[in-house]
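Take this structure, written in structure tokens, and hold onto it; I'll ask about it next.
Quick note: the coordinates plus some simple rules give every number you see, no bench work behind them. Given the structure is predicted, the values throughout are model-derived calculations rather than measurements. Quick reminder, even Gly has a Cβ in these numbers, built from the backbone with ideal geometry, and neighbours come from all protein chains shown.
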Amino acid sequence: MLPPLYNNIDTEITEKPDPCYGDRMIKKRYVMILGLIVVILLGLVVLRYMVDAAAINDFKINIKQVNVTHIGLTSCDIIVTVNCTNPTTYDLPIAYATFNVYVADSYVGNSGVSAFTIPKKSSAEQQVSLTVLYTNLAHAVLEALLNNNYTINITGEAHGYVLYGLFTTTVPFTISTTHS
């Protein structure tokens, strides 16, 4: 029994349920599920981008062959066969590559290759032709080309497609070989 002071207080509390409470909980649950799906999809996109970028960073370039195909009075033509190796388990789409060519440490020109794909765990060869004008060459470079004894250096950038071809990423490269 309650003390006399509290006898007039209604001890029974009645509260009406909120008719919208259930709808709000369902909406919150949908928003949480939708947010989780968005986070998972974004995670998969970032993961795919990282895998593609890593594949482009892992590819190797080397000079397979250098041929002086024509020696003229004012210029000579050089064809460089470049071997691109893809050691990854993904096909590697290259958008394009641009590079500068040096013979005997002297700049002789620039060139590039257009889009090509290197299949997974394989190689692809690209032939690059370059016309070297004698007026741009130092005498030592000209002698090296004519005597068929020189070092060729190629520095440039390869631009590869990532994230299903939506973006490109750039990888710098430097390759060198001695031709004699």
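So who's got an amide H within less than 5 Å of the one on K64, skipping anything under 5 residues away but keeping other chains? H placed 1.01 Å off N, in plane.
Here the answer is T81, V82, N83, since their amide H atoms fall under 5 Å of that of K64.
E125: net charge of surrounding residues, Cβ under 14 Å, Lys/Arg +1, Asp/Glu -1, itself excluded?
Working: positive: K60, K64; negative: none.
Neighbour charge sum, excluding E125 itself: +2.
Where does the charge balance sit around V82 when Lys and Arg score +1, Asp and Glu -1, over other residues with C-beta under 11 Å from its C-beta?
Details: positive: K60, K64; negative: E125.
Spelling it out: positives minus negatives among the neighbours equals +1.
Hey, can you grab everything whose amide H is under 5 Å from the amide H of D91? Only 5+ residues off in sequence or another chain; H modelled, so Pro and N-termini drop out.
Excluding prolines and chain starts, which carry no amide H, the hits are K120.
Another question about this same structure. Residue by residue, what Karplus-based ³J(HN,Hα) values in Hz, rounded to whole numbers, does region 34-44 have, using 6.51, -1.76 and 1.60 with θ = phi - 60° and x for Gly and Pro?
Result, rounded to whole Hz: 4, x, 5, 5, 4, 4, 5, 5, 4, x, 5.
Where does the charge balance sit around G165 when Lys and Arg score +1, Asp and Glu -1, over other residues with C-beta under 15 Å from its C-beta? Don't skip to the end; give the middle numbers.
Values: positive: R48; negative: D52, D91.
For residues surrounding G165, the net value is -1.
Which one, Q127, T88, S75, projects farthest toward the positive side of the charge dipole computed for region 56-179 from Cβ point charges (K/R +1, D/E -1)?
T88
Okay, next question. Would you mind checking which residues have amide H under 5 Å from L163's amide H? H placed 1.01 Å from N; only 5 or more apart, or other chain.
D52
Output the relative contact order of region 56-179, whole-number percent, from Cα pairs under 8 angstrom with separation of 6+ residues.
Values: 294 pairs, mean separation 33.9, N = 124.
The value is 27 percent.
With each pseudo-label sitting 7 Å past Cα toward Cβ, what's the T135-L41 distance in nm, one decimal?
Placing both labels 7 Å along Cα→Cβ, they lie 5.9 nm apart.
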